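Following: one structure in structure tokens, then a few remarks.
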Amino acid sequence: MPPQAATSRQPISPQRFYTPPGVVGDGNDDTVPPWSEADSSQPMSVHGTVARLHAAHPVAEHADMDGVVVLSSAVAGVGVSTLAAMLARTLTQRGVKCVLVDADLQGGGLDVLLGIENEDGSRFGDINAPLGNVDGKALLRELPVWDGVPVLSCDPWKIENPQWWEIQACIRALAQTRRTVIVDMANHVGLDSLKDCAGALHIVAVEMTVLGLARAKTWLKSLVTVDGNGGSSPILVGIEPRGTIRNRGTTGVAEACEYLECEIGIVIRSDGKLCSALLEGLGLRKPNTTMRKALERLADRVQERRGGKRADHGTRPS
């Protein structure tokens, strides 16, 4: 499927999803939220914008983030999107109502990864939230569904990316309609202003190589800075790189934990058939037994952190 040129975004139907919060600006600045009370004639930093936004809406700050799970990694290509989708599917199979949000503004394409790119439904390119509020139930009804999981995807090669406040508004709204919102945030590019997710549970994918660990160590320090020490400690998931022969070139779990000074209790090993299907554009197939057990342990960790009941699936806790 050849990439299409980016075009300007238009809502599917004006005001279908959105209700005004009560403070509306002129909406002409791409960096400042249109409802901000900022004076557009003055220079403004991103952090200053966030402070004014939170001052205008103090009740909404970090609202309903208990059910939000953010997945990220230091660099692209580690497998965060695949991990996010499989975690959402695993939790859904346990009866946890999930929704999957693609906040990878550089890569995106979660619907293509899952094989639902031709399914009817809304993507981020269809959403325009200039007033900062989204009707979560209406949005949820418009999303395509993959294996029982509603998916809000981002396709940057088709249409321009959403603004950070539009992503924030969607996450907030969906968090009010679903018990768990799984957010693929890749490496946070373009999302530095999205402070709401400081209150979310973070899962960090760590490539189990020497270079991967070095990048992950820097990444974990940056997460502490972004969260302001206000969020819970992240769950680290080791990802074994594809294409290695007999685990040559990979780092052991004990060595990785010692270097990062953090626990890596779950390691995802490569599934050749699943990777081949993804590369051929056949969608995300069901994982093999080894990967499935690792995903079940990860789902256990997520439910335990969020106070939910852990399913009995016959695997030992790690």
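Ranked by the mean number of other Cβ atoms within 10 Å per residue, highest first, peptides 284-294, 206-216 order as 206-216, 284-294. In a DSSP loop and with at most 14 other Cβ atoms within 10 Å, the GluC sites (Glu not before Pro) in segment 87-156 are 119. For residue 137 and residue 217, a Förster radius of 45 Å and the Cβ-Cβ distance give a FRET efficiency of 0.60, rounded to the nearest 0.05.
Shape descriptor for segment 72-218: Rg over Rh equals 0.95 (Cα atoms; Rh from the Kirkwood inverse mean 1/r). Residue pairs exceeding 19 angstrom between C-alpha atoms, taken from 158/195; 221/293; 97/137: 158/195; 221/293. Normalised per residue, the accessible area of segment 68-309 is 42 Å², obtained with a 1.4 Å probe and no contribution from ligands, DNA or RNA. With the simple spin-label model, which puts each label point 7 Å out from Cα in the Cβ direction, the residue 75 to residue 304 separation comes to 3.1 nm.
Using only side-chain charges placed at the Cβ, +1 for Lys and Arg and -1 for Asp and Glu, the dipole size of segment 68-309 relative to its Cα centre rounds to 860 debye. For segment 150-193, the set of chymotrypsin sites (Phe, Trp or Tyr not before Pro) satisfying both a DSSP loop assignment and a count of at most 16 other C-beta atoms within 10 Å is given as 157. For segment 74-186, with all protein chains present and a 1.4 Å probe, just round the carbon and sulfur fraction of the accessible area to a whole percent. That fraction is 41 percent.
The values are calculated or read from the model by the stated rules, or taken from the named source; none is laboratory data. In this text the structure is predicted, and so the values were computed from the model without any measurement. With ideal geometry, Cβ positions are generated from the backbone for all residues, glycine too; neighbour counts draw on all protein chains shown. Areas reflect the complete protein model, heavy atoms only, side chains present, ligands, DNA and RNA absent. Shrake-Rupley method; radii C 1.70, N 1.55, O 1.52, S 1.80 Å.
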